[in-house]
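For reference, the structure discussed in these notes is given below.
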């Protein structure tokens, strides 16, 4: 008399993974570039212009630390724009 295995009582859990296609990735990248050019870049340019105008003025009443902080902010903005 043959011995048979019992049926498997465990349930297999299938995790459906979202597939990332080349088209979806391309669309995602183009959306981020579009967002950067339409929203982020104009804001950074505006901030840069304000800081440059502030630094061009002869502000004798501001402290050296404040001036250096403004210059550091300007450098950061310029690096973000690039």
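Just so you know, all these numbers are worked out from the coordinates, no wet-lab data involved. Everything numeric here is computed off the predicted structure, so don't read it as measured data. In this analysis, Cβ positions are derived from the backbone assuming ideal geometry, glycine residues included, and neighbour counts consider all displayed protein chains.
Above 14 Å lies some portion of the pair distances; for the chain, what is it as a whole percent of all C-alpha pairs?
Details: 2583 of 3321 pairs.
Cα-Cα pairs in the chain separated by more than 14 Å: 78 percent.
Can you tell me the orientation of helix 22-35 relative to the chain, as the angle in degrees between its alpha-carbon axis and the longest Cα principal axis, to the nearest 10?
20
How far apart, in nm, are the 7 Å Cα→Cβ label points at residue 56 and residue 4?
Distance between the two pseudo-spin positions: 9.0 nm.
Starting from the Cα-Cα distance between residue 13 and residue 43, subtract it from 0.36 nm times their residue separation and give me the gain in nm to one decimal.
Values: separation 30, 0.36 × 30 = 10.80 nm, distance 4.79 nm.
Length difference between fully extended and current span is 6.0 nm.
As I understand it, the value is the acute angle between the Cα axis of helix 64-81 and the longest principal axis of the Cα atoms of the chain; what does it come to in degrees, rounded to 10?
Between the helix axis and the principal axis of the chain, the angle is about 50 degrees.
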